[in-house]
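I have placed the structure first, in the form of structure tokens, so that the comments after it can refer back to it.
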Amino acid sequence: MTFARKDSVALQSISFRSFVNEALKLAKVAIPENILMTHNICSDDLIIKGNITQLQQVILNLINNARDAVHGVHAPKIYISLRQYLPNKKFILKHQIPRNNHTYAQLTISDNGCGIEKEDLQRIFEPFFTTKAQGKGTGLGLAMVFGAIQTHHGVIDVESNLNAGTRFDLYLPLEQKAINEFDLNSPVEVIRGKGETILIADDDTQVRDILSKLLTGLGYQVLQAEDGCMAVELFKTHQNNISLLILDVIMPNMGGIEAAANIRIYKPSMPVLYATGYDKNNVLVNALKEDGSQVIGKPYSVATLSRMVRMLLGH
């Protein structure tokens, strides 16, 4: 259905940089330790119109394919990069796009694996076509990737050489007028704090610093942790002063859910706001809400964050 573009897809404005960072955390779980997986993600937000569910599947499918491709290779490597791309004449002619088209977000996923035969390369996006052994693949993964990228008005380039690796370049158009999600002068109502202390935990340094500055600007005191373990230790030291936790769901060493559970051993009533780049209507979020916690989806506006913080603080 995705390949044929027959399914109903809702697109929303998202920060593709934040989304890719979150998706990579999930993808790393399925990558064996012997595979070196590195990435270079730009600092620009790269606002696109996207469907979170489809884009998650696109990234996971391509990374899983790369994982399979490097099986048995000496010093296996997977590399992911994200940057802004301004189309040149060659790109415009190749993909027959208007000359006044958007600037793109370019997501590259490459490996040093087995590569693809030249005659197979032209068929990889066909539904049910696969070069994997029987029982190892359905032939629908790349067809779904192709349909999803088309739905997002993007394009795909593929380069591959037998026994020398494969590279996928995905190009998604940026929104012409990207809204600054962290603009404190936004006309939407922002509810300011009363000096309470908030403990935040996120392994993305940029996200953590921006959130800290944002909360400080709203009138809060902030403590920062780079993972769940550090958050628990900070809470033990400052538990009498901390009024709220804002925790990233997926972090190395200890994620936000486990960190909250450990912290609530000391203070069962501690309010928690989980931050995630994933679909706010999924099973995980519903489970989190059972204990009175709230979830805010990345990216979020200052106004939304300020209102959720005040709601959790009870006034």
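The values are calculated or read from the model by the stated rules, or taken from the named source; none is laboratory data. Treat the numbers as computed from the prediction; the structure is a model and nothing was measured. Every residue, glycine as well, gets a Cβ built from its backbone with ideal geometry; the counts of neighbours run over all protein chains shown. When the accessible area is computed, the model is the full protein with side chains, heavy atoms only, and any ligands, DNA or RNA have been set aside. Shrake-Rupley method; radii C 1.70, N 1.55, O 1.52, S 1.80 Å.
For the stretch 27-48, indicate whether the set of residues that are open to solvent by 70 Å² or more (accessible area, probe 1.4 Å), aliphatic (A, V, I, L, M) and within 18 Å of T276 (Cβ to Cβ) is non-empty. Yes, the stretch 27-48 has at least one match.
Just one residue in the set L55, L60 is under 30 Å from N34 (Cα atoms) and out of contact with any Phe, Trp or Tyr (no Cβ under 8 Å at 6 or more places or on another chain); that residue is L60.
Considering (1) of a type in the set (A, V, I, L, M); (2) modelled with pLDDT under 85; (3) exposed (fewer than 14 other Cβ atoms within 10 Å of the Cβ), the lone condition that A143 does not fulfil carries the number (3).
Within the stretch 209-249, the set of residues being open to solvent by less than 50 Å² (accessible area, probe 1.4 Å), assigned to a loop (DSSP other than H, G, I, E, B) and in contact with a helix residue (DSSP H, G or I) (Cβ under 7 Å, 6 or more places away or on another chain) comprises L218, V249. Looking across D111, D157, one residue alone is over 30 Å from A231 (Cα atoms), at pLDDT 80 or above and surrounded by fewer than 15 Cβ atoms within 10 Å (Cβ to Cβ). It is D157.
Matching residues to (1) over 15 Å from the mean Cα position of the chain (by Cα); (2) under 18 Å from N40 (Cα atoms); (3) surrounded by 18 or more Cβ atoms within 10 Å (Cβ to Cβ):
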| residue | (1), (2), (3) |
| --- | --- |
| N61 | no, no, yes |
| A66 | yes, yes, yes |
| A69 | yes, no, yes |
| P76 | yes, yes, yes |
| S81 | no, yes, no |
| Q84 | yes, yes, no |
| K89 | yes, no, no |
| K94 | yes, no, no |
| A105 | no, yes, yes |
